[in-house]
C-alpha cells in the first residue's frame, strides 16, 4: 500500500496494483480499475516514485 493525501488533507492508503491511470490536470487525478477517481496532492512523479519504491519492497521479500 502507498500513502497519498487527498486535497482536504486526509491521508489514505491505496493499493497501487489497482491504479489504472494518473493524470495531472493540473491537479493529480488517480483513476482505479474500478472506475473510481480521487484527486490527491502528490504530483504524478511523486506517485511514480512511491509505486517504484513499493514494488522494490514487495519483490525484495
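Derivation of every value follows stated rules applied to the coordinates shown; laboratory data play no part. Please read all numbers here as calculations on a predicted model, not as lab measurements. No Cβ is skipped: glycine too gets one built from the backbone with ideal geometry, and neighbour counts run over all protein chains shown.
If I go through the range 12-43 residue by residue, how many of them are in contact with a strand residue (DSSP E or B) (Cβ under 9 Å, 6 or more places away or on another chain), in a helix (DSSP H, G or I) and surrounded by fewer than 15 Cβ atoms within 10 Å (Cβ to Cβ)?
Residues that pass the stated criteria total 1.
How many residues are part of a loop (DSSP other than H, G, I, E, B) and exposed (fewer than 11 other Cβ atoms within 10 Å of the Cβ) when one looks only at the range 2-11?
Total meeting the criteria: 3.
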